[in-house]
1. Output the residues belonging to the stretch 16-38 that are surrounded by fewer than 17 Cβ atoms within 10 Å (Cβ to Cβ) and touching a residue at least 40 places away in the same chain (Cβ under 8 Å).
2. All but one of (1) within 21 Å of residue 40 (Cβ to Cβ); (2) more than 10 Å from the ligand (Cβ to nearest atom); (3) in a loop (DSSP other than H, G, I, E, B) hold for residue 197, so report the exception by its number.
3. Can you confirm whether the stretch 131-142 contains a residue that is touching a residue at least 40 places away in the same chain (Cβ under 8 Å) and more than 10 Å from the ligand (Cβ to nearest atom)?
4. May I ask you to list the residues in the stretch 100-117 that are more than 17 Å from the chain's Cα centre (by Cα) and either on the phi > 0 side of the Ramachandran plot or not in a loop (DSSP other than H, G, I, E, B) (or both)?
Ligand SMILES: Cc1cc2nc3c(=O)[nH]c(=O)nc-3n(C[C@H](O)[C@H](O)[C@H](O)COP(=O)(O)OP(=O)(O)OC[C@H]3O[C@@H](n4cnc5c(N)ncnc54)[C@H](O)[C@@H]3O)c2cc1C
């Protein structure tokens, strides 16, 4: 059913989208597998690209032919160069984006690429043969072969959400965690850990009195 791919990318977040286009633009036949096609390139939290230390990375990705900067330009609602009161080494470009336009633009650019195929399913394991990774195994038990596999699972591998005193499994709010790959990687000799993210409160814009707020024009110090 599936051809053998040069590259399989697991997880279509920002990293997975960039990995897929980087490989595809170099001529590889790529399969981008992700658990939900409707969350391709979803902005997890603050819908911003760039900021201190990260703005430089977005520009480096741009210089290398990646799409994050292009998608950001197409879906931007505000751009600021942060830290302009300090020296140039501290300046940091940061865009605030419309999260729906951002994801839609990414998906459109990926779907326009002739070297990228898509598959919607969770990947619980890698296909290991003679000690080498030869593809993936999907939750339906499908084996898909490739020369290499790129894992860009973001916050989903054995993901755990903490809200107050409560803890429950999840990749992001409303999305299930991905299990299986971490255990397999540990069996193969890798070490696994978990890093923490933070998230700001979500507020209803209709409950705000905008007359009491200060407008932030672009490029202010
Ligand atoms: C609540 C929250 C707040 C955050 N706040 C910030 C912040 O303020 N600033 C910041 O820089 N970062 C923040 N992050 C981190 C954020 O995850 C990253 O910035 C960014 O989204 C990581 O991109 P990514 O491509 O690595 O992974 P993600 O965007 O997490 O994408 C991973 C993708 O892989 C898919 N996937 C995962 N496992 C599998 C599998 N086994 N099979 C199939 N598909 C799979 C998922 O469905 C998802 O589409 C936050 C994350 C969360 C959850």
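Bear in mind these aren't lab numbers, they're just calculated from the coordinates by the rules spelled out. Since we're looking at a predicted model, the values are computed, not measured. In this analysis, Cβ positions are derived from the backbone assuming ideal geometry, glycine residues included, and neighbour counts consider all displayed protein chains.
1. The initial filter retains those residues of the stretch 16-38 that are surrounded by fewer than 17 Cβ atoms within 10 Å (Cβ to Cβ), namely 25-27, 36-38.
Scanning the stretch 16-38 gives 25, 27, 36, 37.
2. Looking at each condition in turn, residue 197 falls short on (2).
3. Start the filter on the stretch 131-142 by keeping residues that are touching a residue at least 40 places away in the same chain (Cβ under 8 Å), which leaves 135-136, 138, 142.
Next, from what is left, pick out any that are more than 10 Å from the ligand (Cβ to nearest atom): 135, 142.
So far as the stretch 131-142 goes, yes, one or more of its residues are touching a residue at least 40 places away in the same chain (Cβ under 8 Å) and more than 10 Å from the ligand (Cβ to nearest atom).
4. The first filter runs over the stretch 100-117 and keeps only residues more than 17 Å from the chain's Cα centre (by Cα), leaving 112-115, 117.
Listed by number, the list holds a single entry, 117.
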